[in-house]
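First the structure, in the form of structure tokens, and then the observations on it.
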Amino acid sequence: MPVATALGLAAALLERVRGAPWAARAWLLLIATTPLLFAGIKALVRRPRPELWPRLLEHSGWAFPSGHALFSATFFPLAAWALARRFPRGAPFLLGLGVLLPLYIGFGRLYLGVHWPSDVLAGWALGALQGALAVAWLRRRGYPSRTGASSSQAEPSA
């Protein structure tokens, strides 16, 4: 989770320096709410970690949802989307990376034997929901389109 937090703080700082305090606030809000969501659900569900085979890593605490899957599915796709808006030539690579990193991290948690598949799926789903809500909020605020114009100018509305 420190990587996702560092990514979020760096993104917030860059957005603030760029003159988009509302985008910086979105990143800071995700940094604040994601650990709360994660800890709250773990405390409510209290699912033990799997004991299917000897683990490569020992983890304490509850399994559901996977925090690594949740954080990676929240922050990496959002960062990829924001960067793709700024660097349209790199958009396919950035967006692909934004999807592949959470998948890699989630499957890694399964390989290490520290989560059930449903733990990882729930983490991905919650992260994707948070990321989608952040993108929707940023677009409503006119987050720059690929051309640098506000979304209302660059994208036709239906």
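Remarks
- For R49, distant residues with modelled amide H under 5 Å away: A63
- The chain: C-alpha gyration tensor shape, a/c 1.5 cut-off, then a/b vs b/c: prolate
- Here the extension length gained between R140 and A32 equals 36.8 nm, from 0.36 nm per residue of separation less the Cα-Cα distance.
- Signed unit charges on C-beta, dipole axis of the chain, positive-most listed residue P35, P117, P88: P88
- Among F75, F64, F107: highest mean-square fluctuation, GNM of the chain, C-alpha pairs under 10 Å: F107
- Estimated 222 nm signal from helices in the chain, with DSSP H stretches of n ≥ 4 weighted -39500 (n - 2.57), rounded to 500: -24000 deg cm²/dmol
Just so you know, all these numbers are worked out from the coordinates, no wet-lab data involved. Nothing here was measured: the structure is a model prediction, and the numbers come from that model. So basically every Cβ, Gly included, is an ideal-geometry build from the backbone, and we count neighbours across all protein chains shown.
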